[in-house]
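Please treat every number below as a calculation from the coordinates, not as lab data. Keep in mind that this is a model prediction, so the values were computed, not measured. We place every Cβ from the backbone using ideal geometry, glycine too, and count neighbours over all the protein chains shown.
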Amino acid sequence: MKSSELVQGTLDMLILKTLALEPLHGYGIALRIEQISKGVFRVNPGSLFPAFRRLERAGRIKPEWRPTENNRRAKFYQLTNLGRKQLKAETEEWARQLAAITRIMRAPAISDL
Amino acid sequence: MLGLFFALVVKEIAMFRIRSVVAGLRALFRKRQVEREMDEELRDYLDAAAKDKMRSGMSREEATRAARVEMGSVDAVKEEIRSVGWESTLETIWQDLRFGLRVLRRNRGFTAVAALTLALGIGGTVGVFSLLDAVLLRPLPYPHSERLFRLFPLEGKRKRGVEQASYTDFRDWQRQTRTFESLAAYQGESLNLTGTAEPQRLEGSAITPGFFATLGVAPVLGREFRSEDTESVAILSYTLWQRRFGGDAGIIGKPIHLEGRGYTIVGVLPSRVHFRSHPWATPVSDIFVPVVPTPARNWHSVRVLGRLAPGVSKEQALAEMNGIVARLAQAYPESEARGIAFESLAQYVVSDASQTAWLLLGAVAFVLLISCSNVANLLLSQGAAREREMAIRTAVGASRGRILRQLLTESLLLAGSGGAIGVALAYWAIPLVGRIAPPFSSLFSRLQDANLHLNWTVLVFSALLSGLSTILFAALPAWKATRPAQSSLATGRVSRLRGGLIALEVALSLVLLVGAGLMLKSIVRLLEEGVGFRTEHLLTMDVSLSEAKYSTADKQAAYFDELLRRLSLMPEVVSAGATVDLPLTRSETLNTVEIPGTHQMMGTAGYHAVSAGYFRAMGIPLLNGRELGIADSASSPLVGVINRSMAIKYWPTENPVGKTIVVYRYVAEETSAGTRVQFKPHLLEIVGIVGDVRQLGLDVPPDPELFMPYDQWPAQEMSLVLRIAAEPSWLIPRVEKEIWRVDPDQPVTDIKTMDEWVEREAAGRRFILLLIGAFASIAAVLAAVGIYGVASYGMRQRTHEIGVRMALGARRQQIVWLILRQNLSWLVIGIAAGLAGAMALTRLLASYLYSVRPTDPSTFALIMLVQLAIAGLASFIPAHRATKVDPMVALRYE
């Protein structure tokens, strides 16, 4: 299965989207992104965790420590209201951009004329 | 809508900031907890990943390993997380600092040499800057001093600017001007303080009413002069009030005796006011009395200063004042002013001191550049030695920017410690500079008044300078050190960068050395200059008689006759004389000389009233005719002795002895309108010719001078000259006692040996020489150290090669030449550039030089040889050491 690099600047949006359903811990988020994209996007921890801290600092997600089965605790992330707003704005912006890019790519090329 | 949006944005930013600030502070101060949470989270991630892999059939070990491999270096991930917050920048800087300190402590030798080198450069620059700050940057102690101007009347067809204006003209200017808020006039006035145990001479100024209001100064006690005041009122400086009256709060209205007359004290000035009637020629005025009006418009006695009205430009004021002067010239033909010129009071007070300060700053900037290039060279050598370290750091993942930052932090530390030592050096050296500043210069006056010391401006400057030098010396080496390592093949060539740096050092120090050489030659030439008399064992002093006590010419002459008689009877005194103007004191009275009966002017001559024994006491030779004698009394015909220059200039083909000329004598009459002064013509017979002396100064060629007996030309103020059999200075108290025996109320001032006057003549140039010489020596030493460093580095790099060559039978000279050669072309380039630079720059010294041209070939040649010798020696020592290399050791070296 071949995986690709994430589109630049979309990681934050993807994390927010993943957390829109339910709070998840780090691996859960990575796994969900991989599964939903059908393995196209694999996020490595080196970019995932800094993104968590960035979003946390910006108040878009907030951490919550939950006990795990083997008597440890895991850090779950949860979307805040601010994060929800941000997700909405970014989703709209992304749709707009995607539509624009698609239009450009569908335009007839010179060779087609 | 838009408003709401902005409110939200602002709120977001604010919230974002606060949260980020809090989280950052938590990361900084609860570091362990934050780190533990991070560890936990990552471990949890690995566990989860491993479990996931086990579910797809891997064994526990395989799954764990695979999860780790996927994550990569845990430390790297942690570093990435940490670098998200603003606090990580702080931490990196802190780390860099600590690491930098460790590196510097490990290389103690390098650190010491580099820090000291920088300390010399930075310290010198800080020292000179504080001089510049005191002289130029500190404002005058008057409010809105940018509106204060000195006014100079322009005279004659050529509109020559003169210092003083006529009092009556000044009064008309004052009445008519609208562009000036106020005008005031002043003149120097030294007064004898009498009626006290030991008579004292006070420096002071005579001023017009409203003078201090014009300056913007209010007395701390009492008031300033008003137009309805009598002539017998006085204002004290703060210092005099403290010194003489112990700061008596009830001083106002009390009497003070000046020149034997009673004055009433009406005011005391604030301590910040240091007013000098002449910015560099007189001490600070301690006493102020009213100007005595003089009605004659051709009698120029007062200096004028004015405060522009707010909002008026200098040009507007100039236009108005020129109009006023033109109208006055039409109305009063005897008024001599034909125009007017302004100079800001600040500029007038600073005068040529700014030129000196900038010159020195330029010179010391060279030293700073040299010290920076020296340290740059040291860092380059270090960089080569640390190549391995850099390679390792790059290998473990440090980015180039990160290493660059580390190196620059080290350099900043170096510059910081160098700067700190430099400031300490400057702190120690600044008072020394204040002490050697030439007296009677605007520089000296400014330094005295500004109270030279380190202040915040100077400290901030030092910090900025340390930063700037870091960029100068560290940027290139750091850039080079972080460049992907080149194969370090010993090519045997000095790299272009290092070569360029030593060429720069050689060039800069050569320029300074040439400057110092030119100054030295000037001073030697100046002191070689014959003054025209014997200066050794000659004691001089000033005696100024008070007008009230010695009101007539007879009384004055009688006093000096008696004084000279008594002094010449002292066993240690060989001969005694008196003159109005001592040579080398830069003062004389110029007046015209005419051919009798024709009203045709021959020219001008300096007029000097002297005693009969003056020439003998001074050791001025009589060339022709006779000296002045006791027979030349007030009642006998006027006679005079001229100097050789006057004889040659006005009687090139004849013998002037026995000729008669017309001279002008100053007569002052008290009238109801004030003192009326005029010059009246008299016939005078020339009876002798004496040798030339340097009347105005060592560096001023002799001009025509005319000497006349003081019995015929009464003088109230005279300088005594005593030729002493032994060392003159220890005789001073006895001479004073002898003078007070004639009149116990008579102050004696300015007691000096003639050698001191000669010294003072050279003081201005010596000051420049001392400082430029000091800078040049430091520069030369630093450059030598730099050359030595590069040469020994080159030698170390080639130890192996030298070993091979020697094993193959190379001779010692060949080895020496091998090492010498690598620097040689750079040294030659440096010397050539230095000579060109000196050619271009020594013009700036021109006004300080004496009978030496700024491009004096012999100085240039000599300094070039000196520099070549220094550079040669500095490269020869390592070259010589290279020949001591044991081939066996050298071959095993790698």
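Computed values, structure above
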quantity: The protein assembly as shown - convex hull of alpha carbons, volume per residue in Å³; calculated: 340
quantity: Ranked by how many other beta carbons lie within 10 Å on average, peptides A:91-99, B:73-81, B:124-132, B:873-881 from highest; calculated: B:124-132, B:873-881, B:73-81, A:91-99
quantity: Nearby lysines by direct alpha-carbon distance to B:Lys31 (threshold 28 angstrom, same-chain neighbours under 8 apart not counted); calculated: A:Lys62, A:Lys75, B:Lys78
quantity: Eligible lysines near B:Lys752 by straight Cα distance, threshold 21 Å, same-chain separation 8 or greater; calculated: B:Lys737
quantity: Number of partner chain Cβ atoms within 10 Å, mean per residue of B:579-590; calculated: 0
quantity: Shielding by partners - mean other protein chain Cβ count within 10 Å, residues of A:51-62; calculated: 4
quantity: Residues B:Ser851 and B:Glu536, FRET efficiency given R0 of 25 Å [Cβ-Cβ distance, rounded to 0.05]; calculated: 0.60
quantity: Lys/Arg +1, Asp/Glu -1 at C-beta; chain B dipole; positive extreme among B:Pro744, B:Val423, B:Ile370; calculated: B:Ile370
quantity: Average beta carbon contacts from partner chains per residue of B:77-90, 10 Å cutoff; calculated: 3
quantity: Cα-Cα P(r), chain B, percent of pairs per 20 Å interval; calculated: 11, 31, 28, 18, 9, 2, 0
quantity: Counting all C-alpha pairs of the range B:703-797, share separated by more than 15 Å (%); calculated: 79
quantity: CD proxy at 222 nm, helix term only [per DSSP H run n ≥ 4: -39500 (n - 2.57); per residue of chain B; nearest 500]; calculated: -17500 deg cm²/dmol
quantity: Packing-based order for B:337-348, B:770-781, using average beta carbon neighbours within 10 Å, highest first; calculated: B:770-781, B:337-348
quantity: Mean separation of Cα contacts under 8 Å, 6 or more apart, over the residue count of the range B:157-335: relative contact order %; calculated: 35
quantity: Highest average packing first - B:851-857, A:59-65, Cβ atoms within 10 Å; calculated: A:59-65, B:851-857
quantity: Spacing of the two label points (7 Å from each Cα toward its C-beta) at B:His880 and B:Glu736, in nm; calculated: 5.8
quantity: For the range B:117-134, 3J(HN,Hα) per residue [Karplus equation, 6.51 cos²θ - 1.76 cosθ + 1.60, θ = phi - 60°, Hz, x = Gly/Pro]; calculated: 4, 5, 4, 4, x, 5, x, x, 5, 4, x, 5, 4, 5, 4, 4, 4, 5
quantity: Computed over the range B:281-415: relative contact order in percent, which uses C-alpha pairs under 8 Å that are six or more apart; calculated: 14
quantity: Label-point separation in nm, B:Glu717 to B:Ser271, each point 7 Å along Cα→Cβ; calculated: 3.0
quantity: Residues with amide H under 5 Å from that of B:Asn624, placed H, sequence gap 5 or more; calculated: B:Ile689
quantity: Nonlocal amide H pairs with A:Arg73, under 5 Å, H built at 1.01 Å; calculated: A:Thr68
quantity: Note, ³J(HN,Hα) from phi for the range B:791-797, Karplus 6.51, -1.76, 1.60, rounded to Hz, x at Gly and Pro; calculated: 5, 6, 4, x, 5, 4, 4
quantity: Size of electric dipole in the range A:11-106: Cβ of Lys, Arg +1 and of Asp, Glu -1, about Cα centre, debye, nearest 20; calculated: 100
quantity: Stretch gain in nm, segment B:Glu343-B:Arg138, where the contour uses 0.36 nm per residue and the Cα spacing is subtracted; calculated: 72.0 nm
quantity: Under 5 Å, built H, 5+ apart or other chain: amide partners of B:Val677; calculated: B:Ala296, B:Glu669
quantity: Selected from B:Val667, B:Gln406, A:Phe41, residue furthest toward positive end of dipole (the protein assembly as shown; charges at beta carbon); calculated: A:Phe41
quantity: Too-long pairs where the Cα-Cα distance tops 26 Å, listed order kept, from B:Lys480/B:Lys884; A:Lys38/B:Lys51; A:Lys88/B:Lys51; calculated: B:Lys480/B:Lys884; A:Lys88/B:Lys51
quantity: Chain B: relative contact order in percent, alpha carbon pairs under 8 Å with at least 6 residues between; calculated: 15
quantity: Farthest toward positive dipole pole in the protein assembly as shown [+1 Lys/Arg, -1 Asp/Glu at C-beta], among B:Thr117, B:Phe444, B:Gly515; calculated: B:Thr117
quantity: Two-site FRET efficiency, B:Ala634 against B:Val677, from Cβ-Cβ distance with R₀ of 22 Å, rounded to 0.05; calculated: 0.60
quantity: Karplus (6.51, -1.76, 1.60) ³J(HN,Hα), θ = phi - 60°, over the range B:319-335, in Hz, Gly and Pro reported as x; calculated: 4, 5, 5, 4, x, 4, 4, 5, 5, 5, 5, 6, 6, 10, x, 6, 5
quantity: Antiparallel %, DSSP beta bridges [both residues in chain B], to 5; calculated: 80
quantity: Fraction in percent of alpha-carbon pairs per bin - 5 Å, the range B:547-744; calculated: 1, 7, 14, 19, 19, 16, 11, 7, 3, 1, 0
